[in-house]
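To start, the structure under review is shown below, and the notes come after it.
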């Protein structure tokens with residue numbers, strides 16, 4: 001039997017990257033999937049390609065009213081929501097002193113407020129069935145920090161906190177809430193910040209240096225690994241998992257290799 005047979009899943013930011021890969025994988029595993037994105041044209045094509053098991057939904061994740069209307073449409077068509085994947089996200093790269101309040105608020109609205117609103121809107125529907133799985137796509141940048149992405153880092157750390165609080169409050173209703181913290185993401189988010197002539201999709205696989213095999217894999221392969229982790233958390237195979245962070249980072253947070261020390265060669 002397919003791992004998501006009979007389940008209805010909502011995936012935000014499903015027009016490209018991790019969201020699209022996740023939606024496609026979910027359909028392969030038997031789910032009926034709602035591909036939600038603020039760019040409805042982006043998900044309409046993917047949904048059409050996936051057939052009757054898929055539904056395109058225009059959704060502004062930072063809008064409470066958009067969530068209410070969207071979830072109501074899903075329930076009207078499918079009668080339930082078993083899985084919510086909060087994947088929609090924005091990136092802004094700038095030094096802290098150059099990051100404008102408007103940029104900070106823009107990322108917070110999508111990356112932090114969006115998942116909060118999604119959980120709050122979907123939880124009552126899941127409570128009716130006393131079951132459900134919510135997967136928040138955070139980042140390894142929500143477990144560490146690096147220069148140039150203060151707004152992004154802030155929202156991803158916050159999303160991990162939302163995940164744990166929601167897991168504690170919703171567990172009594174049979175609803176599990178977990179966070180996936182990937183290193184790989186959509187090259188489209190990074191490309192605007194790359195030097196002219198540099199392809200982000202070609203560079204990003206080298207961001208996982210501790211596994212020699214990773215440099216020979218494509219960005220699509222690495223994003224596919226993230227989708228597989230999301231699939232595990234969405235399925236009943238992860239029945240004992242809630243309130244936790246699941247790394248898909250190629251060992252980036254394991255530590256660092258110090259050249260010249262034993263075991264470094």
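Derivation of every value follows stated rules applied to the coordinates shown; laboratory data play no part. In this text, all values refer to a predicted model and were calculated from it rather than measured experimentally. In this analysis, Cβ positions are derived from the backbone assuming ideal geometry, glycine residues included, and neighbour counts consider all displayed protein chains.
Quick look at the values:
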quantity	calculated
Of all DSSP beta bridges in region 125-265, antiparallel share, percent nearest 5	0
Distance from region 208-232 to region 15-52 (C-alpha centre basis), Å	20
Contact order relative to length of region 154-265, as percent, for alpha carbon pairs under 8 angstrom and 6 or more apart	36
Relative contact order of region 78-187, defined on C-alpha pairs under 8 angstrom at six or more residues apart (%)	34
Angle between the chain longest axis and helix 114-129 axis [Cα atoms, degrees, rounded to 10]	40
Likely footprinting exposure, 183, 29, 76, fewest C-beta neighbours within 10 Å first	76, 29, 183
Degrees, to the nearest 10: 219-234 long Cα axis against longest axis of the chain	40
Sorted by Cβ neighbour density within 10 Å, fewest at the top, the residues 59, 233	233, 59
Peptides 92-102, 9-19 ordered by average Cβ neighbours within 10 Å, highest first	9-19, 92-102
Label-to-label distance, nm, for residues given as residue 240 and residue 221 (7 Å Cα→Cβ offset)	3.2
Globularity index of the chain, i.e. its alpha-carbon radius of gyration over 2.2 N^0.38 Å	0.99
Relative exposure of 240, 63, 133, judged by other C-beta atoms within 10 Å (fewest first)	240, 63, 133
Angle in degrees between helix 17-28 and the longest Cα principal axis of the chain, rounded to the nearest 10	50
Region 1-66: relative contact order in percent, alpha carbon pairs under 8 Å with at least 6 residues between	30
